[in-house]
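Remarks on the structure that follows.
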Amino acid sequence: MSSFEWNKIIAAVLTAMIVAMAAGILSSEIVRPKRLDHAVYLPPGAEGGAPAAGHAGPAQAASIEPIEPAMAKADPAKGQALSKPCLQCHTFEKGGANKIGPNLFGNADASIASVPNYQFSQALLTKKGEKWDPDKLNIWLFKPQEFAKGTKMSFPGLPKVQDRADVVLYLQSLK
Ligand code: HEC
């Protein structure tokens, strides 16, 4: 091979290297990866950013929007529509069967974990003495694990306070 051939080969290799480097620098400029401070998506049941505990203390309640103002303009028909995903695990009609979760007829102001013939988790049974009300359902429907850490209701929750109010009014209408 003549030295001219070698020069061409070396030039070609050098060019390829320069192009690769330039492409690397350019692409890292164009696509700047943003580092997140904390995980944005948490699978159901995973520890969230908010402190989960066995009861709703004032500190936690403060991080969840209060339901009262939203209750005033709640719409039970919207609540029924929003309750579609609940049907996977719950029945809503009187005398309906317990499925993965208990029947929810008349549940909105009943004692917690008191539906007959349903095996509640220990997490919810520790609250058996208390009654459901809009404030408790607000936390429960925002994030079940926040209300009763260790509950077996694997539902990610309704992030919008108006959605929760609509569902609570719908639950209250079942009696
Ligand atoms: C993936 C299944 C699943 C879905 C979806 C689900 N739940 Fe549940 N739910 C459960 C289970 C399981 C329990 C019992 C929890 C326990 O014992 O820890 C429960 C318990 C409850 C309770 C407490 C009942 C009681 O007697 O104290 C309420 C209220 C409730 N769910 C409402 C809802 C609503 C409203 C929705 C929809 C917005 C919903 N759930 C969606 C599984 C589910």
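Things worth noting here:
- For the stretch 61-71, the criterion of being surrounded by fewer than 18 Cβ atoms within 10 Å (Cβ to Cβ), near the ligand (Cβ under 9 Å from one of its atoms) and not in a helix (DSSP H, G or I) is met by none of the residues.
- Residue count, the stretch 141-171 (criterion: open to solvent by 20 Å² or more (accessible area, probe 1.4 Å) and either among the aromatic types (F, W, Y) or without any contact (Cβ under 8 Å) to a residue 24 or more places away in the chain (or both)): 5
- Residue, surrounded by the most Cβ atoms within 10 Å (Cβ to Cβ), within the stretch 77-122, restricted to residues that are within 6 Å of the ligand (Cβ to nearest atom) and part of a helix (DSSP H, G or I): C86
- Among the residues of the stretch 123-140, those identified as open to solvent by 40 Å² or more (accessible area, probe 1.4 Å) and charged (D, E, K, R) are K128, E130, K131, D133, D135, K136.
The values are calculated or read from the model by the stated rules, or taken from the named source; none is laboratory data. Just so you know, these numbers come straight off a predicted model, no measurement behind them. Counting neighbours? That spans all protein chains shown, and the Cβs are built from the backbone with ideal geometry, glycine included. For accessibility, only protein heavy atoms count, side chains too; no ligands or nucleic acids. Shrake-Rupley method; radii C 1.70, N 1.55, O 1.52, S 1.80 Å.
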